[in-house]
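Bear in mind these aren't lab numbers, they're just calculated from the coordinates by the rules spelled out. None of the values given here were measured: they were computed from a predicted structure. When we count neighbours, we look across all protein chains shown, and the Cβ atoms used for this are built from the backbone with ideal geometry, even at glycine.
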Amino acid sequence: MEQFIQGMPKAELHLHIEGTLEPELMFEIGERNGVSIPFASVDEVRKAYEFTDLQSFLDIYYAGANVLLKEQDFYDMTWAYLQRVHAQNVRHVEIFFDPQTHTDRGVPFETVITGIHRALEDADRQLGISSRIIMCFLRHLSGEAALATLEQALPFKHLIVGVGLDSSEVGHPPSKFTAAFDRARDEGFLTVAHAGEEGPPAYIWEALDLLHAKRIDHGVRCVEDDELVDRLRQERIPLTVCPLSNVKLCVYDRMEDHSLKRLLDAGLCATVNSDDPAYFGGYMNENFLAAQRGLDLTRDEVVTLARNAFEATFLEPARRDALLKELDDYVAAG
Ligand code: ADE
Ligand code: ZN
């Protein structure tokens, strides 16, 4: 199974690029920029990654992002991620970035998007990995701040396929961002939103009804609401599930308790993703393998998860169908 997962063509749809910053690169970039990190060594950083909930992770994650100042920093971080997932047979990625984490420290929007985009272009040419970029608003900040960030993004609209919503969920419902998402859709952006990670099913309803989300990021708490599960199935709304993240942030005590298998059994379009792999102990293959083992998933279920992801991409149909065929050929050959 491990070998089958390793070789399987995959798409990643829920990945915060700032969450791919491994401690080694964090130190390297921090040193060259003269930004100090509140840890003495790489080992000390890794030891600090003992999280109790989403907020305890976010506090460390935002501190780590402080080392990123120059376009080359964003390029290097993105390129390191792409090389890792290339070795895991990931064929397409849709990457989140959090502009406010950087612009609020005085780093220009252009610096961030240009560095990330340049690495994605190189990956397309050199590694055969296609990609899309999604810009997330930080939900612990105001709706007005999200609107201001959207204005800053407009000159780079051609590089950004959609907008999303992340950061501290509980107490910051999707309804807080209705105006920003209305404006984003008017400008032609697709929409997604984190909902039902720590927050209640009601936040998933809001993401669908108020933000017109095309995909729900996480969404694992939907299983608490039968009517919601019916809707997600009928409308075939994809859920970008992140198994290792959910266990690391104590959404579930053990992988065996994760709702992923229940989502598949209910006929939902569930996918597997890594969220913040430098912090949660694994990239795509490790997430697939941990979920497969913890939930005793069959080979067919593993393939369904990979197929769902290709179907849920924001790709043009020709590339999407070519990737689906790659997957079919792989399964037929195996
Ligand atoms: N930002 C980075 N990872 C996140 C997650 N899992 N939930 C919310 N915001 C995030
Ligand atoms: Zn996330």
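For E256 paired with M1, estimate the spin-label separation in nm (one decimal), with each label point 7 Å from Cα along the Cα-to-Cβ line.
For the pair E256/M1, the computed spacing is 1.4 nm.
Using the structure shown, list the pairs from K47/K214; K10/K157; K248/K325; K10/K214; K176/K261 with a Cα-Cα distance above 30 Å, or answer none. All intermediate terms of the calculation are to be shown ahead of the outcome.
Values: K47/K214 37 Å; K10/K157 27 Å; K248/K325 34 Å; K10/K214 20 Å; K176/K261 32 Å.
Flagged as over cut-off: K47/K214; K248/K325; K176/K261.
Residues in region 200-215 near a label at E227, defined as backbone nitrogen under 12 Å from the 7 Å Cα→Cβ point?
It comes to 202, 205, nothing else.
Per residue of the chain, what 222 nm ellipticity follows from adding -39500 (n - 2.57) for every DSSP H run with n ≥ 4, rounded to the nearest 500? Don't skip to the answer; put the middle values down first.
Numbers: 17 runs with 172 residues, N = 334.
-15000 deg cm²/dmol, from helical runs alone.
Using the Kirkwood formula on the Cα atoms of region 182-334, what hydrodynamic radius do you get, in angstrom to one decimal? Write down the numbers at each step before the final one.
Working: mean 1/r = 0.0624 Å⁻¹.
Averaging 1/r across every pair of different Cα atoms and inverting gives 16.0 Å.
Quick check: residue separation of D300 and F314 times 0.36 nm, minus the Cα distance between them. What number comes out in nm?
Details: separation 14, 0.36 × 14 = 5.04 nm, distance 2.40 nm.
Here the segment from D300 to F314 would lengthen by 2.6 nm.
Which of the peptides 211-220, 1-10, 315-324 is most tightly packed, and how do the rest follow, judged by the mean count of other Cβ atoms within 10 Å per residue? Walk me through the numbers on the way to the answer.
Details: 211-220: 24.6, 1-10: 17.1, 315-324: 14.2.
Averaged packing, sorted descending, gives the order 211-220, 1-10, 315-324.
Normalise the Cα radius of gyration of the chain by 2.2 N^0.38 Å (N = residues in it) and let me know the number. Intermediate values should be presented prior to the final figure.
Working: Rg = 18.6 Å, N = 334, 2.2 N^0.38 = 20.0 Å.
Relative to the 2.2 N^0.38 Å estimate, the chain comes out at 0.93.
Once the piece of chain linking R185 and R118 is laid out straight, how much longer is it, given 0.36 nm per residue of separation minus the C-alpha distance between them? Walk me through the intermediate numbers first.
Working: separation 67, 0.36 × 67 = 24.12 nm, distance 2.55 nm.
Using 0.36 nm per residue and subtracting the Cα-Cα distance, I get 21.6 nm.
Label-point separation (nm) for E326 and T178, each offset 7 Å from Cα along Cα-to-Cβ?
Between E326 and T178, the label points sit 4.2 nm apart.
Report, in whole Å, the centroid distance computed from the Cα atoms of region 286-328 and region 142-181.
28 Å
Return the tail of the calculated pair distribution for region 31-94, meaning the percent of Cα-Cα pairs more than 15 Å apart. Mind showing how you got there, number by number?
Numbers: 1317 of 2016 pairs.
Here the tail beyond 15 Å accounts for 65 percent of pairs.
Which of the peptides 249-257, 158-166 is most tightly packed, and how do the rest follow, judged by the mean count of other Cβ atoms within 10 Å per residue? Working shown, then result.
On the way: 249-257: 14.8, 158-166: 21.8.
Top to bottom by mean Cβ count within 10 Å: 158-166, 249-257.
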